[in-house]
1. Going by the conditions given, is V155 crowded, with 21+ Cβ neighbours inside 10 Å, in contact with a helix residue (DSSP H, G or I) (Cβ under 6 Å, 6 or more places away or on another chain) and under 18 Å from I201 (Cα atoms)?
2. Considering each of A167, A180, A217 in turn, give the residue that is buried (at least 18 other Cβ atoms within 10 Å of the Cβ) and in contact (Cβ under 8 Å) with a residue 12 or more places away in the chain.
3. Of these, D128, D135, D162, which one is without any contact (Cβ under 8 Å) to a residue 24 or more places away in the chain and closer than 17 Å to K218 by Cα?
4. Within the range 146-160, is there a residue that is more than 19 Å from Y189 (Cβ to Cβ), modelled with pLDDT under 95 and part of a loop (DSSP other than H, G, I, E, B)?
5. Considering only the range 120-145, state which residues are β-branched (V, I, T) and either within 16 Å of S187 (Cα to Cα) or buried (at least 21 other Cβ atoms within 10 Å of the Cβ) (or both).
6. Picking from K188, K205, which residue would you name as being at negative phi, loosely packed, with under 13 Cβ neighbours inside 10 Å, assigned to a helix (DSSP H, G or I) and of a type in the set (D, E, K, R)?
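The values are calculated or read from the model by the stated rules, or taken from the named source; none is laboratory data. Note that the structure is a prediction, hence the values are computed from the model and not measured. Counting neighbours? That spans all protein chains shown, and the Cβs are built from the backbone with ideal geometry, glycine included.
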Amino acid sequence: MTMQKMSVSLSVSVMAIALAGVTGCATKNYVKNQTAPIIDQTNQLNDKTAQNNRDIKSTDERATAGIAKAQGAADSATQNAQGAQKSAGDAENAANDAVHRADSLASVVAGLDNYQAIGNVSVTFGFDKAALTKDDKAQLDTFAATLATAKSYIVEVTGGTDSTGNADYNYALSQRRADAVVQYIASKYSIPAHRFYLIGIGKDKEVADNSTREGRAKNRRVDIRLLSNTGARTTDASAPVGAQGSL
């Protein structure tokens, strides 16, 4: 082969290689240009999918919170309704009890017109005390001895206090003093509860001057009266219906 032919052949080979390189780059660029929009769309779709998932999760959380809040409100409303129903029931019971007490008291007061006092005794207490002393019990024993032969009777027991202290506290204290007397007589002498009519009047009815020490001591007392029904036709009539008792 001559030198000229070899030169031409080498030139052709170089051109072929160059053309192949140009064709390869063109193919890569073409593929890149075609796939780039698809990749962008895929990325956008992934972003939208992720946002949708976040929106769905947020909506679900808000819905769950709303349901929980609504359930809490419903439970609270149910509890309030139950509380209101209980309060209404308590109020009705209290009203019925008040009516019953009023009727009972009216029966007692109406029947007292036929009763006359046939015996009485008073016991006094220490300051803010409701316990019976030995002397108090001795006086009550003497009084209770008359009950063995009494017929158609009730025992009126009235507790009192001096003017010292709160009015409500004094009412409760006077009631405890009256209760102490009733418990002693009833338990020791087997006197039935319906024979007693007792009340605590606190400081409302003083028997002595509360401005003096001696007067206050006298007001801290329980007055006990034996009342006999002079209108009874039998020798063993019971106390009027509704007489209040406490043991």
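1. When the stated conditions are applied, V155 passes them.
2. The unique qualifying residue is A180.
3. The unique qualifying residue is D135.
4. Yes, the conditions are met somewhere in the range 146-160.
5. Listed by number, the residues that qualify are V123, T142.
6. It is K188.
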